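Have a look at the structure below before the remarks.
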């Protein structure tokens, strides 16, 4: 059983290096379309200071990172979510990644189970995630975990430009 923990500010550069490794490792299935603008050091540090960034280390190496909060904005609020929930009643997953050398070891499943247990304990109604269009590997992982496709929205973010995002939801009932 793995354990995730909140990242510490002195780990910011290690976390940035972890994400840069994800970005620079070619993979046909996992294509988050991240770049030097996202996730960047400022985003990582802000997420750590807000106590929203969690990491999993194995043999002193970061092998997974995830940001968990209840922030969804823009057109996501207009989606036809199947679970009627206020933002405070949801958990939203951002910037979730597993080191390419560790894929296939059920790390995503174990981390999701930790998040699910936390969400249930804290009376949340749903877990939500957006997946950039074309990131087939991430979409497959979340479907396998039991997330249901809700909608596709188009959003502009400085880091990736104008893109389509697939919205998925996990009903905690």
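Taken over the stretch 5-38, residues that are outside any helix (DSSP H, G or I), modelled with pLDDT of 95 or more and crowded, with 16+ Cβ neighbours inside 10 Å amount to 1. Tell me which residues, restricted to the stretch 39-84, are buried (at least 18 other Cβ atoms within 10 Å of the Cβ) and over 17 Å from the mean Cα position of the chain (by Cα). Hits for the stretch 39-84 are 81, 83.
The set of residues in the stretch 121-143 being touching a helix residue (DSSP H, G or I) at 6+ places or on another chain (Cβ under 8 Å) and part of a helix (DSSP H, G or I) consists of 141 alone.
Could you check, for the stretch 72-86, whether at least one of its residues is closer than 28 Å to residue 27 by Cβ and at pLDDT 95 or above? The answer is no; no qualifying residue exists.
In this structure, residue 159 does not qualify as closer than 20 Å to residue 38 by Cβ, touching a residue at least 60 places away in the same chain (Cβ under 8 Å) and part of a helix (DSSP H, G or I). Scanning the stretch 118-137 for residues that are within 13 Å of the chain's Cα centre (by Cα) and under 21 Å from residue 83 (Cβ atoms) yields 127, 128, 129, 130, 131. Scan the stretch 96-117 and tell me whether some residue there is on the phi > 0 side of the Ramachandran plot and either touching a strand residue (DSSP E or B) at 6+ places or on another chain (Cβ under 7 Å) or touching a residue at least 12 places away in the same chain (Cβ under 8 Å) (or both). The answer is no, given that none of the residues of the stretch 96-117 is on the phi > 0 side of the Ramachandran plot and either touching a strand residue (DSSP E or B) at 6+ places or on another chain (Cβ under 7 Å) or touching a residue at least 12 places away in the same chain (Cβ under 8 Å) (or both).
The values are calculated or read from the model by the stated rules, or taken from the named source; none is laboratory data. All values reported here derive from a predicted model rather than from experimental measurement. Note that we place each Cβ from the backbone using ideal geometry, even for glycine, and neighbour counts take in every protein chain shown.
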